[in-house]
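Notes follow once the structure below has been shown.
The values are calculated or read from the model by the stated rules, or taken from the named source; none is laboratory data. Since we're looking at a predicted model, the values are computed, not measured. Here Cβ is always computed from backbone atoms with ideal geometry, including for glycine, and neighbour counts include all displayed protein chains. Accessible surface areas use protein heavy atoms only, side chains included; no ligands, DNA or RNA. Shrake-Rupley method; radii C 1.70, N 1.55, O 1.52, S 1.80 Å.
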Amino acid sequence: MPTKNTSIHGEWSSRLAFILAAAGSAVGLGNIWKFPYMAGENGGGAFVLIYLICIAVFGLPIMMAEVMLGRRGRQSPINTMKMLSQQENAHKAWGLLGWCGVLAGVLILSYYSVIAGWSLSYVLESTSGSLRYITETKAGELFSNLIASSLTLIFWHTLFMLMTMIVVARGVSNGLEMAVKYLMPALAALILVLIGYSISQGYFMLGVKFMFTPDFSKINQAVLLDAMGQAFFSLSLGMGAIMIYGSYLSQHASIAKTSFAVALADITVAILAGLAIFPIVFANQLEAAQGPGLIFNTLPLAFGQMPGGVIFGTLFFVLLVFAAWTSSISLIEPAVVWLVERCGLTRIKASVICGSVTWLVGLGTVFSFNIWKTYTVFDKTVFELLDFLTSNIMLPLGGLLIAVFVGWSMRESSVKDEIAMSSSMLYQAWRFLIRFVTPVGVLLIFFRVIEII
Ligand code: PHE
């Protein structure tokens with residue numbers, strides 16, 4: 001029985017390449033667009049605290065487990081799970097986990113691409129100078145006009161899906177490595193520029209207070225679920241994205257160290273984004289709980305007022321698109337690789353098929369902001385429903401099952417051999433988290449929610 005497999009899809013050139021690609025997957029709209037509005041909607045500090053705890057007790061252990069499974073299986077998540085369950089004498093049904101991940105990836109990308117499309121349109125707004133000295137009312141109008149036009153949204157959504165398909169068709173390559181290596185730090189630097197601006201305006205501390213003073217009375221089941229969902233979404237966990245990147249990781253790289261580096265980069269960008277946005281919100285007396293439009297209603301105000309705003313604004317939105325791009329690739333990679341393995345399609349054909357299906361599903365999100373705005377199920381629009389279903393249910397469920405598979409179904413000798421941690425104390429701690437803390441924690445949050453429904 002083989003214990004070490006090699007990937008037919010290639011391997012990262014170095015450990016750094018994997019860290020960069022995985023960080024590219026993790027850092028994206030989730031950090032800059034979603035984290036601030038989620039924190040804003042869920043009362044700030046309490047949400048941030050639970051989010052950080054979820055990353056530590058669920059996120060990091062599951063990330064290590066996912067990378068480990070990927071490297072051991074060296075195939076698409078579907079086939080990795082099928083093969084490992086055979087090798088480990090576990091039930092065949094574990095293969096379903098891969099399927100669930102592929103579905104989650106397509107559903108997430110369907111709306112992710114629409115939001116990335118908003119960012120693309122703001123690149124144009126910044127370059128054209130229309131954000132210069134923009135007022136709150138005008139910024140609000142700009143955003144509502146954008147989302148009111150389904151045709152405009154379809155145009156940008158199509159463009160972003162095409163960008164994603166082109167890269168995926170060509171294969172996860174050095175291009176990705178380069179993009180993340182230079183563009184990610186540049187994005188962080190621009191967020192620092194925004195923070196600098198907030199400090200100079202004198203409202204910085206208001207933002208800090210909002211984000212770091214937890215008001216425990218605000219914690220309820222919904223906040224817990226949102227914070228847990230955000231931790232999974234932000235780290236790209238529970239759907240096979242990190243697993244597939246792990247499948248290209250060389251045998252010698254340390255899974256623990258690489259996962260830690262990725263999680264750290266991810267948290268840092270999210271917190272910085274929050275610190276950049278909330279001071280602007282409070283300085284302009286805007287609503288922190290305004291939802292998905294938050295960054296698009298606030299950041300133009302800052303870029304409109306600061307010196308060099310046209311350049312900084314354009315650069316910021318360009319980099320935001322890049323961050324979204326490096327995440328979208330990983331959302332669709334599991335599906336594409338599976339089609340290549342299963343049907344023997346070329347990567348190009350597989351990308352066109354997956355991309356087209358995702359594009360079509362994305363129209364639901366496009367319309368949910370305009371012509372279908374009033375159609376709701378459980379009080380949620382199509383976009384809200386997709387987001388809730390994927391981030392808050394499918395990803396944590398996927399993570400929970402991964403934890404159970406690794407902690408309970410795999411032989412310990414295989415796990416130990418593949419994860420190869422040098423410190424036995426850290427290994428024991430990780431094993432304890434993955435076997436007990438993670439599954440029980442996720443279930444607790446789930447069931448408390450079921451209670452209120
Ligand atoms: N982590 C990405 C972000 O924060 C989104 C993502 C989720 C990517 C799940 C892959 C898998 O934007």
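Table for the structure above
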read-out	value
DSSP H segments from the chain that extend 27 Å or more along their own axis, Cα-based, with Kyte-Doolittle mean of -1.0 or above	95-127, 150-170, 174-201, 255-283, 309-343, 347-368
Computed accessible area, Trp99, all protein chains, 1.4 angstrom probe, square angstrom	110
Ile371 versus Ile199: modelled label distance in nm, points set 7 Å from Cα along the beta carbon direction	4.9
Rounded, prolate or oblate (a/c below 1.5 giving rounded, otherwise prolate when a/b exceeds b/c) for region 288-445 by Cα gyration tensor	prolate
Per-pair calculated FRET efficiency, R0 = 25 Å: Asp379 and Ser144 via Cβ, rounded to 0.05	0.75
His252 versus Met178: modelled label distance in nm, points set 7 Å from Cα along the beta carbon direction	2.5
Accessible-area composition of the chain, carbon plus sulfur, in percent [1.4 Å probe]	68
Spin-label pair Phe432/Glu136, simplified geometry with 7 Å Cα→Cβ offset, distance in nm	5.0
Most to least packed among 280-290, 112-122 [average Cβ atoms within 10 Å]	112-122, 280-290
Cα pair distances in the chain, grouped into 10 Å bins until the bin that holds the longest one, percent each	5, 22, 33, 26, 12, 3, 0
Unsatisfied cross-links (Cα-Cα over 28 Å) in the set Lys138/Lys373; Lys34/Lys416; Lys92/Lys416; Lys349/Lys373	Lys34/Lys416; Lys349/Lys373
Cα lying deepest toward the dipole's positive end in region 15-452, options Tyr182, Gly73, Pro396, charges on Cβ	Gly73
Alpha-carbon centroids, region 269-326 and region 42-75: separation in whole Å	26
Order by protection proxy (mean Cβ within 10 Å, highest first), peptides 331-337, 398-404	331-337, 398-404
Modelled FRET efficiency - R0 51 Å, Ser424 with Glu287, Cβ distances, 0.05 increments	0.50
